[in-house]
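S.K.: Structure provided below as structure tokens; questions to follow.
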Amino acid sequence: MLNVIGLMSGTSLDGVDAAVIRTDGERIDAFGPDISLPYPAPLRQRARRILDRAPDLPPDDPELGAVEHALTLHHVDAVRRLQAVAPDIDLIGFHGQTILHAPDRYRTWQIGDAVLLSRATGLAVIHDFRSADVAAGGEGAPLVPWFHAALLHDVTGPVAVLNIGGVANITLIDADRTIHACDTGPGNALLDDWALRHTGTACDVDGKLAAMGTVNHALLEQMLADPYFARPAPKSLDRQTFATALERVSVCTPADGAATLATFTVEAVRRTPLPVRPMRWYVCGGGRHNPVLMHGLRVALGVPVEPVDQLGWNGDALEAQCFAFLAVRSLRGLPLSAPTVTGGPHALSGGRLTCAGLMPVPSWIWKAGSIEQATPVRR
């Protein structure tokens, strides 16, 4: 078992989540402290401009380098704060910030300087979790189902975990424990952008704007006619896939536009093709705090829909915990993807190890295939 810090900066661009867990990449032995560090508004705005430019952005773009450096330093700050209260850390799982995800073009791009992070913290870093699966023809996403399945080891399926971040994705654990997964469609991203445009606030707090509006069903059906929704799972999205939806709803009042976008998220979940119907849904990510989304899901799905907190999980730290878990799976060469999860040709590991902060490299890294027997070297 290793003590690992997981780091996640999601497509909502709101900040860094960091969490400690103790794991061998198959089981979770203990949960440690966690924190969330919001990005300063200027950095968030700069990161958003990079995301908008990503399809045509050269890797040596000066602003890209500057934003990557600033984002990494924010991650360094998060790690150091956790090290202050949990000093015996062995490893970091570093997702980075996705600025482009286009598996149909064999591209997925997460920015973040793993060498700087390792040097600044004195810890080994596992990063670049998605590239190997995308290169093999998989979607490279979602990757959280492995962690969800580990947490649900004693729950009878079929049961679904719905993560509503910037993009929404589902993990379905079938009765025979087979994991199925895909991105369902937009999560909070469109609603966040709409709320920022019309209220100056970066999200629709408590769903108040959407709750005052009326859904424009004609526009909703136009958006749901996108070819993505006819594709079978597994499948995945870029945050900007449905960006044109904002222009479609621009004819609406702020409240009606918010109501329509919230229903777009819900209907995309309802219409997701699944091999079996889940008996129960658990929701994580920022979307579970939106009463309009949660009510809409309960009505649309017709079965119990509850926040993951009902299971005793920390719904705000879940993705950060996941990348701590995946870091150890990567270190041990265990699968990060599979045909029913990412659509790749076979179960495949991934991730890259950077040890810029460790001289000499701890012996347990080279014994990663038998972590249970290895003795971690404390620094």
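The values are calculated or read from the model by the stated rules, or taken from the named source; none is laboratory data. Remember, it's a predicted structure, so these values are computed and weren't measured experimentally. No Cβ is skipped: glycine too gets one built from the backbone with ideal geometry, and neighbour counts run over all protein chains shown. Just so you know, the surface numbers come from the protein's heavy atoms only, side chains and all, with ligands and any DNA or RNA stripped out. Shrake-Rupley method; radii C 1.70, N 1.55, O 1.52, S 1.80 Å.
S.K.: Taking only the stretch 92-136 into account, find how many residues are among the basic types (K, R) and either closer than 25 Å to I365 by Cβ or open to solvent by less than 20 Å² (accessible area, probe 1.4 Å) (or both).
M.R.: 2
S.K.: Which residues, taken from the stretch 181-203, are in contact with a helix residue (DSSP H, G or I) (Cβ under 8 Å, 6 or more places away or on another chain), closer than 14 Å to A245 by Cα and touching a residue at least 60 places away in the same chain (Cβ under 8 Å)?
M.R.: Of everything in the stretch 181-203, those that are in contact with a helix residue (DSSP H, G or I) (Cβ under 8 Å, 6 or more places away or on another chain), closer than 14 Å to A245 by Cα and touching a residue at least 60 places away in the same chain (Cβ under 8 Å) turn out to be G185, P186, G187, N188, L190, L191, W194, A195.
S.K.: Kindly provide the set of residues from the stretch 194-226 that are open to solvent by less than 30 Å² (accessible area, probe 1.4 Å) and of a type outside the set (F, W, Y), ordered by number.
M.R.: Listed by number, the residues that qualify are A195, D204, G207, L209, A210, G213, L219, L220, M223, L224.
S.K.: Another question about this same structure. Kindly indicate the residue of the stretch 282-312 that is part of a loop (DSSP other than H, G, I, E, B) and touching a strand residue (DSSP E or B) at 6+ places or on another chain (Cβ under 7 Å) and also most open to solvent (accessible area, probe 1.4 Å) among those meeting that condition.
M.R.: The extreme case among them is P304.
S.K.: Name the residue that is nearest to the chain's Cα centre (by Cα), counting only residues in the stretch 76-91 that are open to solvent by 10 Å² or more (accessible area, probe 1.4 Å) and small (G, A, S).
M.R.: Among those residues, the one meeting the criterion is A86.
S.K.: Pick from the stretch 204-255 the residues that are of a type in the set (K, R) and in contact (Cβ under 8 Å) with a residue 60 or more places away in the chain: which of them is farthest from H346 (Cα to Cα)?
M.R.: Across the stretch 204-255, the extreme among qualifying residues is R239.
S.K.: Something else about it: Within the stretch 143-157, which residues are out of contact with any Asp or Glu (no Cβ under 8 Å at 6 or more places or on another chain) and either over 23 Å from H95 (Cβ atoms) or part of a helix (DSSP H, G or I) (or both)?
M.R.: Those that are out of contact with any Asp or Glu (no Cβ under 8 Å at 6 or more places or on another chain) and either over 23 Å from H95 (Cβ atoms) or part of a helix (DSSP H, G or I) (or both): P145, W146, F147, H148, A149, L151, H153, D154, V155, T156.
S.K.: Something else: Return the pair list, or none, for Cβ contacts closer than 8 Å from residues in the stretch 339-358 that are open to solvent by 60 Å² or more (accessible area, probe 1.4 Å) and of a type in the set (K, R) to residues that are part of a loop (DSSP other than H, G, I, E, B) and at pLDDT 95 or above, at least 6 apart or on different chains.
M.R.: Going by the 8 Å Cβ cut-off, the qualifying pairs are R352/D128.
S.K.: Here is a further query. Of the residues T244, T253, only one is of a type in the set (S, T, Y) and at pLDDT below 95; which?
M.R.: Within the list T244, T253, the selection yields T244.
S.K.: Another question, if that's okay. In the stretch 239-272, how many are in a loop (DSSP other than H, G, I, E, B) and closer than 26 Å to G315 by Cβ?
M.R.: Selection size over the stretch 239-272: 6.
S.K.: If we keep just the residues of the stretch 256-281 that are in contact (Cβ under 8 Å) with a residue 60 or more places away in the chain, within 16 Å of V299 (Cβ to Cβ) and hydrophobic (A, V, I, L, M, F, W, C), which is surrounded by the most Cβ atoms within 10 Å (Cβ to Cβ)?
M.R.: Among them, the one singled out is A262.
S.K.: Sort through D60, D14, D52 and tell me the only one that's free of Cβ contacts under 8 Å to residues at least 60 places away in the same chain and open to solvent by 60 Å² or more (accessible area, probe 1.4 Å).
M.R.: Every option except D60 fails the conditions.
S.K.: Filter the stretch 86-119 for residues that are part of a helix (DSSP H, G or I) and either closer than 30 Å to P227 by Cβ or in contact with a Ser or Thr (Cβ under 8 Å, 6 or more places away or on another chain) (or both) and give the result.
M.R.: P103, D104, R105, A114, V115, L116, L117, S118
S.K.: Does at least one position in the stretch 184-200 carry a residue that is out of contact with any Ser or Thr (no Cβ under 9 Å at 6 or more places or on another chain) and closer than 25 Å to V328 by Cα?
M.R.: Looking through the stretch 184-200, none of the residues is out of contact with any Ser or Thr (no Cβ under 9 Å at 6 or more places or on another chain) and closer than 25 Å to V328 by Cα.
S.K.: On the given criteria, is S363 modelled with pLDDT under 95, polar (S, T, N, Q) and either surrounded by fewer than 18 Cβ atoms within 10 Å (Cβ to Cβ) or over 26 Å from A18 (Cβ atoms) (or both)?
M.R.: When the stated conditions are applied, S363 passes them.
S.K.: Take the residues in the stretch 160-174 that are open to solvent by 10 Å² or more (accessible area, probe 1.4 Å) and under 13 Å from the mean Cα position of the chain (by Cα); name whichever of them is nearest to A317 (Cα to Cα).
M.R.: The selected residue is G165.
One line per residue, one yes/no per condition, for (1) in a helix (DSSP H, G or I); (2) modelled with pLDDT of 95 or more:
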site: L13; (1), (2): no, no
site: A30; (1), (2): no, yes
site: L37; (1), (2): no, yes
site: I50; (1), (2): yes, yes
site: P59; (1), (2): no, no
